[in-house]
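Structure record follows, encoded as structure tokens.
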Amino acid sequence: MQDTIQDTQQETTASSSTSSKPQLGFLGVGWIGRNRMEMIAKQEAGEVAYISDTAPHNAEEALKSAPKAKQVPSLEAMLQEPAVNGIVIATPSAFHAEQSELALEAGKSVFCQKPLGRNVEETKRVVEAARRNNKLLGVDLSYRHTTAMQEVYKVVQSGELGHIYAIELVFHNAYGPDKAWFYEPKLSGGGCVIDLGVHLVDLALWSLNFPKVKQVQSQLFSKGKPIGMSEGKVEDYASASIELAGNTHMQLSCSWNLPAGQEAIISATFYGTEGGVALKNVNGSFYDFVAERYYGTKTETLCSPPDEWSGRAGVAWAKRLANCEGFHEEAEEFVKVAEVLDRIYGR
């Protein structure tokens, strides 16, 4: 993807004015699913036609925001509706691949929470289903859509940094997930790497146009002790060294429940022979980011909060769907990220 998402969003905004809004079904409307639903509706990118959630309270809350939507008992019920153009999936990770495949095979486009699959094989199957049925497939890799990351992407793509030889990726979360399934590797696919690290691996590879990954070395910890995935535990701290084609070194660190002294530490920093550029969170925030350009000892701020970015990925997908877009080869990027995660996990 050579153009920035911002450019794509501007194009789809201009053209969608002549397109009818897609009819969407929302599977899983907990806080993330409801946020994506509300943002798509707010931006008038799609019609909230159907809602389904196994928790009655979640469905009740979602219907308050979308009173014209119809509540149905299952994904299958939504798939039987000919008017539905796309399904937005925000269910636990164990269900993502199977539910995405079912929707795609039923002729519906899909926007799914990350990870698309718990491993590369699941991810490949979903992408192949999208290709086979010529359906638009999106994944909520939301940090691409922050204004700060857009600025970082522009600098990296411009070539102004010279040869980018080092990338430092950090996502430390002072909290841990509050759902039991996150801690079951068969259900989650892994711990903090597949939950948090997936975003940073995606940002780095995307910014560099997905270069070949030559070598991956990693160390996983649970409660301060080294682990292997065969032990039936998920990692709450991970460090990985990733060597890319073109002599670029990528270092990833991520964690849950780390005594970080603040709620979160999030950054993606690119160092080149002619300077650096970084995405960084502000004051421990999960939501506020700056983009900074580095010249030796000098720092230039490229953008600062506020930035209402949380639902932009879903809005962009819905607008592309309104323009009748089908399968796009960029979906292979989801597979490339999954391949790196599998190598971090040693599988």
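The values are calculated or read from the model by the stated rules, or taken from the named source; none is laboratory data. Treat the numbers as computed from the prediction; the structure is a model and nothing was measured. Ideal geometry is used to build each Cβ from the backbone, glycine not excepted, and the neighbour counts take in all protein chains shown. Heavy atoms of the whole protein, side chains included, go into the accessibility calculation; ligands, DNA and RNA do not. Shrake-Rupley method; radii C 1.70, N 1.55, O 1.52, S 1.80 Å.
Tell me, how many Å apart are the Cα centres for region 68-99 and for region 272-347? Region 68-99 and region 272-347 have Cα centres separated by 27 Å.
The residues of the chain expose, per residue, 44 Å² of accessible area to a 1.4 Å probe.
Seen against the Cα atoms of the chain and their longest principal axis, helix 5-16 is set at about 20 degrees.
Element breakdown for region 283-347 at a 1.4 angstrom probe: carbon and sulfur atoms account for 49% of the accessible area.
Among the listed pairs LYS154/LYS223; LYS64/LYS124; LYS179/LYS212; LYS225/LYS336; LYS135/LYS223, give every one whose C-alpha distance is greater than 32 Å. List each step's numbers first, then the result.
Details: LYS154/LYS223 39 Å; LYS64/LYS124 37 Å; LYS179/LYS212 35 Å; LYS225/LYS336 29 Å; LYS135/LYS223 42 Å.
Pairs exceeding the cut-off: LYS154/LYS223; LYS64/LYS124; LYS179/LYS212; LYS135/LYS223.
With no solvent and one equal point scatterer placed on each C-alpha of region 144-214, evaluate the Debye formula and give log10 I(q)/I(0) for q = 0.12, 0.14, 0.16 Å⁻¹, two decimals. The calculated log intensity ratios at q = 0.12, 0.14, 0.16 Å⁻¹ are -0.44, -0.57, -0.70. Here the calculated FRET efficiency for ALA245 and ARG347, from their Cβ-Cβ distance with R0 = 22 Å, stands at 0.50, rounded to the nearest 0.05.
Sorting 204-211, 297-304, 58-65 by average packing, meaning the other beta carbons within 10 Å per residue, from highest down gives 204-211, 58-65, 297-304.
Computed on the Cα trace of region 96-173, the radius of gyration divided by the Kirkwood hydrodynamic radius gives Rg/Rh = 1.11. Across region 159-279, counting alpha-carbon atoms alone, Rg and Dmax equal 15.2, 46 Å.
What are the semi-axes of the equivalent ellipsoid for the chain, taken as the square roots of 5 times the Cα gyration tensor eigenvalues, largest first, in whole Å?
On the way: eigenvalues 200, 114, 74 Å².
Equivalent-ellipsoid dimensions as semi-axes: 32, 24, 19 Å.
Computed on the chain, with alpha-carbon pairs under 8 angstrom and 6+ residues apart, the relative contact order is 21 percent.
Mean-square fluctuations from a GNM of the chain, with a 10 angstrom spring cutoff on Cα atoms, peak among ALA238, ALA41, ALA278 at ALA41.
When the Gaussian network model of the chain links Cα atoms closer than 10 Å, the mean-square fluctuations of ASN134, ASN247, ASN85 top out at ASN247. With a sphere of radius 12 Å drawn around the Cβ of TYR50, what net charge do the other residues whose Cβ falls strictly inside it have (Lys, Arg +1; Asp, Glu -1)? Local charge sum for TYR50: -1. With Rh defined as the Kirkwood radius, the inverse of the mean 1/r over Cα pairs, the Rg/Rh of region 46-106 is 0.94.
Could you work out what % of the accessible surface of region 105-179 is carbon and sulfur, using a 1.4 angstrom probe and leaving DNA, RNA and ligands out of the count? Intermediate values should be presented prior to the final figure.
Numbers: 1200 of 2700 Å².
For region 105-179, the apolar C and S fraction of the accessible surface comes to 45 percent.
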